[in-house]
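See below for the structure under consideration.
The values are calculated or read from the model by the stated rules, or taken from the named source; none is laboratory data. Because the structure is predicted, anything quoted here is derived from the model rather than measured. No Cβ is skipped: glycine too gets one built from the backbone with ideal geometry, and neighbour counts run over all protein chains shown. Quick note on the areas: whole protein, heavy atoms, side chains included, nothing else; ligands and nucleic acids left out. Shrake-Rupley method; radii C 1.70, N 1.55, O 1.52, S 1.80 Å.
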Amino acid sequence: MSIEIDILNGDAAWPIAEPLHQAVFGPHIVEKLPWGHVKWDNAHLRVLIETPEDGLVCHVGIYFRTISWNGRNVHVGGIGGVCTREDQRGRGYATMAIGAAVHTMRANEAVRFALLFCEPHNVAFYEARNWHAFTGEVYCEQPEGRIRFDHMAPFVFDIVRAPRQGTIDLCGLPW
Ligand SMILES: CC(C)(COP(=O)(O)OP(=O)(O)OC[C@H]1O[C@@H](n2cnc3c(N)ncnc32)[C@H](O)[C@@H]1OP(=O)(O)O)[C@@H](O)C(=O)NCCC(=O)NCCS
């Protein structure tokens, strides 16, 4: 079976990603979750995995941002909107798409580490893929102002070297 992996501009690829994104993260699904009301940033790039038989089967959003860690500016890569079509899970698609996203971040020399936020039930998934818990505090912007972002668990990946503790300010919306 052939699969195609594309990394496309985030806004341009949104129409392709939207049906899958809505099926997994649509308002009817997330509205009752603790993070259902959070306003998220839009992905700058999107990893899309498609098969000839099933079309889009997996999506990962990529973000680039200068954040602050302990008051120092650091350029990071973000990962968000990780989703695989329900009937296509367990085939390695998300692992492949996250790998492609990390590869893309490595190509950007300014990126020191990667950062994502996940729900408790996905912690083991990311730990098995070499992501590490960031145990410090995270702040971000929301329409009402700057808030502590503790709705999900922050995980980091060493591109150069990721901090495990301290205070991160996302300096914008979360992803
Ligand atoms: C999490 C998710 C993206 C995984 O996608 P996927 O394409 O099935 O992932 P892969 O096939 O690459 O990896 C599946 C492997 O991870 C394991 N796995 C999947 N979810 C897991 C979890 N929550 N905790 C631990 N392991 C998990 C599977 O058992 C499988 O293990 P194996 O490779 O040893 O057989 C998918 O289940 C999904 O879309 N979930 C709903 C949306 C979501 O929670 N996204 C994450 C937001 S941070």
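Residues are listed down the side, and each one gets a yes or a no for (1) part of a strand (DSSP E or B); (2) near the ligand (Cβ under 7 Å from one of its atoms); (3) at pLDDT 95 or above:
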residue	(1), (2), (3)
105	no, no, yes
110	no, no, yes
116	yes, yes, yes
147	yes, no, yes
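Residues in the range 120-158 that are closer than 18 Å to residue 41 by Cβ, open to solvent by 20 Å² or more (accessible area, probe 1.4 Å) and in contact (Cβ under 8 Å) with a residue 40 or more places away in the chain: 3 in all.
Just to be sure, is residue 84 touching a strand residue (DSSP E or B) at 6+ places or on another chain (Cβ under 7 Å), away from the ligand (no atom under 13 Å from the Cβ) and not small (Gly, Ala, Ser)? Answer is no for this residue. Do we find that residue 112 is within 14 Å of residue 159 (Cα to Cα) and basic (Lys, Arg) in this structure? Answer is yes for this residue.
Of all the residues in the range 87-103, those that are open to solvent by 30 Å² or more (accessible area, probe 1.4 Å) and more than 10 Å from the ligand (Cβ to nearest atom) number 2. Taking the conditions exactly as written (away from the ligand (no atom under 15 Å from the Cβ), within 21 Å of residue 24 (Cα to Cα) and surrounded by fewer than 17 Cβ atoms within 10 Å (Cβ to Cβ)), does residue 53 satisfy them or not? For residue 53, the condition - away from the ligand (no atom under 15 Å from the Cβ), within 21 Å of residue 24 (Cα to Cα) and surrounded by fewer than 17 Cβ atoms within 10 Å (Cβ to Cβ) - is met.
One residue stands out among those in the range 40-50 that are without any contact (Cβ under 8 Å) to a residue 60 or more places away in the chain and either small (Gly, Ala, Ser) or open to solvent by less than 50 Å² (accessible area, probe 1.4 Å) (or both): the one that is nearest to the ligand (Cβ to nearest atom), which is 49.
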